[in-house]
Amino acid sequence: MFYISILLQLLLSAAVASWSVSYYPRSICAFERSSVDFSCKFDCSDYRILKTTYWFKPGAHQKQDGSQVGISVYNSEAAKIHQLYKNRTAYANRDKNCSLQLHNVSKSDTGMYFFRFETYSSRGKYTGPGGISLRVAVLPFRVTVKTKKVNEHIHEGDSVTLTCSTENCTPTQETFAWFKNQRLIPEATDSVLQITSVSHDDFGNYSCGLKNSSTTSADEILLDVRYSPKNVKIAVLSSGKIQEGNSLTMICKSNANPAVTNYSWFMIKEANVSYIGSDREFSIKSASQKDDGQYFCIAKNDMGSHNSTVTPLKVEDGLLNLTRMKLNVICLHLYRRKLFTSKKQPAEQTPAVTVTEEIYENLRKSPESEENLTTYVTYVDLRLPSSTSDRPRCNSQDVIYSLLSYKD
């Protein structure tokens, strides 16, 4: 009998030496409330001697290497399954296949999982070494920004890495979605968004989440890219043409981060450049021809400075505008008078207007004495319309002179 016992032990030892368990993958990261698959295969010399198969998870105070059996996650003897895992598992239950599916995972499921089988022999017990590590990603997502600089601002040209992560771990097998100012970035589908050389266009609020999923997105985080003033330009606030006596305001506009702290205004006139102001706005209360010229501004912040393009400013002569208005009135008056005269005469007696016909009109602004007046004489060449018009015929050489006098 003694020899038989020794022989059985030797046979069992040889059998145990051939037993094995393999796991895939060795590490899993999964979102809360999702399902995970523990892929597993095992080898036993004689499956007829199997008594029990089960998966277990070592307790918090036990060794995590599988040497100590913890709570039963799955057990072929259903009564032995721990309360936390009842109705949450599905076992493959096929020869050499020990895969397990765990549903509705939670943060408390984080830990190591091992497969173990036992035979009818008191020494016929085997736990697959290594096990599978499960980490549960706890929402919400969060965005972190990393640069090669430490505790410094992000400047144009820096390399920046934005990472979409969750507490404990981040499932890399998922397809991610990135948003800038709440707009989708189509080409960004990984958990990491790499910007090798940031520019001022990358400034904005970023968030992330899972693509095609209602899973909670991360709170927005500002990518605060600092840059010198861009798109510097002058905006002129004025209604219509600028005439003498009118007021106007010019504004130096730009896009900068941090905000512009210093403005400089310059005027170019007759090849001379003059410094004229230091505020964001430059105002002229009563424009005159001395304000004619070209203007530009320079915007400056801590990152640098940039100037606007040149903006020309033309102030129209108020006297010239008055003269034009009076000439228009004179021409209208002469036309109406000639039209009235032509209508009073019978058609057959209406004399043709000849080349030599001249009309003189002497207008004065006021009855003041001549010595108090400065006389300006303006000659106007009026060309009347062709014969197809209802107006009196006049050939192309008819000239009407008007003497306009006014006080300076």
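The values are calculated or read from the model by the stated rules, or taken from the named source; none is laboratory data. It should be emphasised that the depicted structure is a prediction, and the values quoted were computed from it without experimental measurement. As a convention, Cβ positions derive from the backbone with ideal geometry for all residues, glycine included, and neighbour counts pool all protein chains shown.
Observations on the structure shown:
- Restricted to strands (runs of 3 or more DSSP E) entirely inside segment 218-314, those with at least 2 residues that are within 30 Å of I154 (Cα to Cα) and among the polar types (S, T, N, Q) are 225-237, 248-257, 262-269, 304-307.
- Within segment 77-116, considering residues that are of a type in the set (S, T, N, Q), part of a loop (DSSP other than H, G, I, E, B) and without any contact (Cβ under 8 Å) to a residue 60 or more places away in the chain, the one farthest from G59 (Cα to Cα): N93
- Number of the exception - E118 against (1) closer than 26 Å to F31 by Cα; (2) in the same structural domain as T53 (by TED's automatic domain parsing): (1)
- Only a single criterion out of (1) buried (at least 20 other Cβ atoms within 10 Å of the Cβ); (2) within 30 Å of T170 (Cβ to Cβ) is not satisfied by I81, namely (2).
- Checking each residue in segment 118-134 for being outside any strand (DSSP E or B), more than 55 Å from the chain's Cα centre (by Cα) and in contact (Cβ under 8 Å) with a residue 40 or more places away in the chain picks out Y120, S121, R123, G124.
- Comparison of E167, E152 shows that the only residue that is outside the structural domain of A60 (by TED's automatic domain parsing) and at pLDDT below 90 is E152.
- Close contacts from segment 135-150, counting a first residue that is closer than 28 Å to S106 by Cα and a second that is buried (at least 16 other Cβ atoms within 10 Å of the Cβ) and aromatic (F, W, Y), with Cβ to Cβ under 8 Å and a gap of 6+ residues or different chains, come to V136/F31; A137/F31; L139/F31; V143/Y206.
- Matching entry among K241, K253 (being over 19 Å from the mean Cα position of the chain (by Cα), basic (K, R) and within 15 Å of K314 (Cα to Cα)): K241
- Matching residues, segment 78-101, being of a type in the set (D, E, K, R) and farther than 17 Å from Y126 by Cβ: K80, K86, R88, R94
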